[in-house]
Amino acid sequence: GQLLCKDCIEGTFSGTPEAVACTPCEAGRASTSIHTTFCPKCNPGEFSVGVGNVQCDPCPAGKYGNSSGQVECLLCPKGQYQDEPGKQQCKLCAAGQFAAFEGSLVCSDCPVGKYSEGGNVFCRTVAF
């Protein structure tokens with residue numbers, strides 16, 4: 001009897017000839033192709049969790065992904081924010097604004113009588 005080869009399905013690959021099974025894509029990688037020999041890494045700004053991924057997901061707002069093949073996205077640091085998904089870096093808060101927490105979606109305005117330079121975690125009292 002002659003053996004028939006089957007294509008690996010999406011989310012799996014076969015890196016060797018005459019393989020008896022396909023291997024699921026590892027976390028941080030995904031494949032939308034059939035009959036593939038490897039799973040490409042997720043792009044910066046994207047991530048994938050678990051194995052056998054068909055697609056990478058964009059990092060949610062408040063987070064960023066600065067390298068390829070990420071299994072999780074990083075929280076924007078204090079003093080920065082990100083209001084859009086799928087980004088590779090966070091934005092600095094503008095002068096007169098602040099972000100006191102990691103993972104901010106927006107910056108808050110300084111209260112009356114206080115100020116900040118750009119990228120601040122808190123506002124200072126105006127000296128008269």
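Considering the chain, which cysteines have no disulfide-compatible partner, defined as another cysteine with its Cβ under 4.7 Å away?
By the Cβ distance rule, which asks for a partner under 4.7 Å, the isolated cysteines are Cys5.
Filter the GluC sites (Glu not before Pro) in the range 18-89 to those in DSSP coil with at most 15 other Cβ atoms within 10 Å of their Cβ, and list the result. Write out the running numbers ahead of the final one.
Working: sites: Glu18, Glu26, Glu46, Glu72; in loops: Glu18, Glu26, Glu72.
Those satisfying the criteria are Glu18, Glu72.
Skip the ligands, DNA and RNA, and give the accessible area per residue of the chain with a 1.4 Å probe, whole Å².
Solvent-accessible surface per residue comes out at 65 Å².
Please report, largest first and rounded to whole Å, the three semi-axes of the ellipsoid equivalent to the chain, where each semi-axis is the square root of five times an eigenvalue of the C-alpha gyration tensor. Present the calculation step by step, with values, prior to reporting the outcome.
Numbers: eigenvalues 463, 15, 13 Å².
Semi-axes, largest first: 48, 9, 8 Å.
Kirkwood-based Rg over Rh for the range 16-81 (C-alpha set), two decimals?
Answer for the range 16-81: 1.12.
The values are calculated or read from the model by the stated rules, or taken from the named source; none is laboratory data. Just so you know, these numbers come straight off a predicted model, no measurement behind them. When we count neighbours, we look across all protein chains shown, and the Cβ atoms used for this are built from the backbone with ideal geometry, even at glycine. Surface accessibility is based on the protein's heavy atoms, side chains included, excluding ligands, DNA and RNA. Shrake-Rupley method; radii C 1.70, N 1.55, O 1.52, S 1.80 Å.
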